[in-house]
């Protein structure tokens, strides 16, 4: 897909929410795309926002409140498993990202949406909670962690730079829980879980993505949204990874 003109958006995209489902993509490539889009949005004058939805081969990210102390695995073992560690300026602690988990980068111009950082984070958390409820999983959000009766099923971690939001949230739909436990949850009383584990049944990734985007659209008062597969500026990289059963 290619967009007309020099802009990375079509002409109709002035006050809409542009959603890009990227599939499984290298984490660094997704973040580079996020940063490019955020830079473009920073220079605009309208309400256009973008959501990136993707999964990634196993990586660990460490936020502003995180450290190596969160790891439940030795760094040498991470190297043997070909698992990269990325230190990010987002809020929150350490997280494992892997297939079966939806990563969501939400890129919005807060001032043009008349929102502060606290209200934005609250709306993001509410959207995630409502998507879980649509899947018949009751959750509460505590310290930016999304908790069900079986444990932590997601987390919120954001950065606001030059008035534009970066990063966003993750939801564990049906990932490998053993791999998720390479990092702690930040609370010894909680363990990692997923929507599938909570319901004890298969959960449709497409259904969770659709519900989440619908609630984000409503929460930030976008009248229209446009959904695309991939993104014309996404640069995919090749990397050796372990295949986990």
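General observations
- Filtered residue count, the range 23-45, keeping only those that are in a helix (DSSP H, G or I) and farther than 24 Å from residue 205 by Cβ: 7
- Candidates 122, 94, filtered to the one that is over 25 Å from residue 162 (Cβ atoms) and modelled with pLDDT of 95 or more: 94
- Unique match (being surrounded by 14 or more Cβ atoms within 10 Å (Cβ to Cβ), in a loop (DSSP other than H, G, I, E, B) and in contact with a helix residue (DSSP H, G or I) (Cβ under 9 Å, 6 or more places away or on another chain)) among 160, 137, 156: 137
- Odd one out for residue 69 among (1) surrounded by fewer than 19 Cβ atoms within 10 Å (Cβ to Cβ); (2) at positive phi; (3) out of contact with any helix residue (DSSP H, G or I) (no Cβ under 9 Å at 6 or more places or on another chain): (2)
- The range 103-125: number of residues that are in a strand (DSSP E or B) and surrounded by fewer than 22 Cβ atoms within 10 Å (Cβ to Cβ): 1
- Conditions (1) part of a helix (DSSP H, G or I); (2) free of Cβ contacts under 8 Å to residues at least 60 places away in the same chain; number of the one not met by residue 128: (2)
- Leading residue by the ranking (nearest to residue 93 (Cα to Cα)) among those in the range 163-202 that are more than 15 Å from the chain's Cα centre (by Cα) and assigned to a strand (DSSP E or B): 183
- Within the range 4-23, residues that are within 17 Å of residue 215 (Cα to Cα) sit with their Cβ atoms under 9 Å from residues that are modelled with pLDDT under 65 and part of a loop (DSSP other than H, G, I, E, B), at 6+ positions apart or across chains, in these pairs: 16/9; 18/9; 18/10.
- Checklist (1) under 17 Å from the mean Cα position of the chain (by Cα); (2) closer than 23 Å to residue 65 by Cβ; (3) touching a residue at least 24 places away in the same chain (Cβ under 8 Å); (4) surrounded by 15 or more Cβ atoms within 10 Å (Cβ to Cβ) applied to residue 205, failing item: (2)
- Matching residues in the range 72-87 - criterion: being surrounded by fewer than 19 Cβ atoms within 10 Å (Cβ to Cβ), part of a loop (DSSP other than H, G, I, E, B) and in contact with a strand residue (DSSP E or B) (Cβ under 7 Å, 6 or more places away or on another chain): 72
- Answer residue from the range 173-185, given it is in contact with a helix residue (DSSP H, G or I) (Cβ under 7 Å, 6 or more places away or on another chain) and in contact (Cβ under 8 Å) with a residue 60 or more places away in the chain and is surrounded by the most Cβ atoms within 10 Å (Cβ to Cβ) among those: 173
The values are calculated or read from the model by the stated rules, or taken from the named source; none is laboratory data. Being a predicted model, the structure only gives us computed values, none of them experimental. We place every Cβ from the backbone using ideal geometry, glycine too, and count neighbours over all the protein chains shown.
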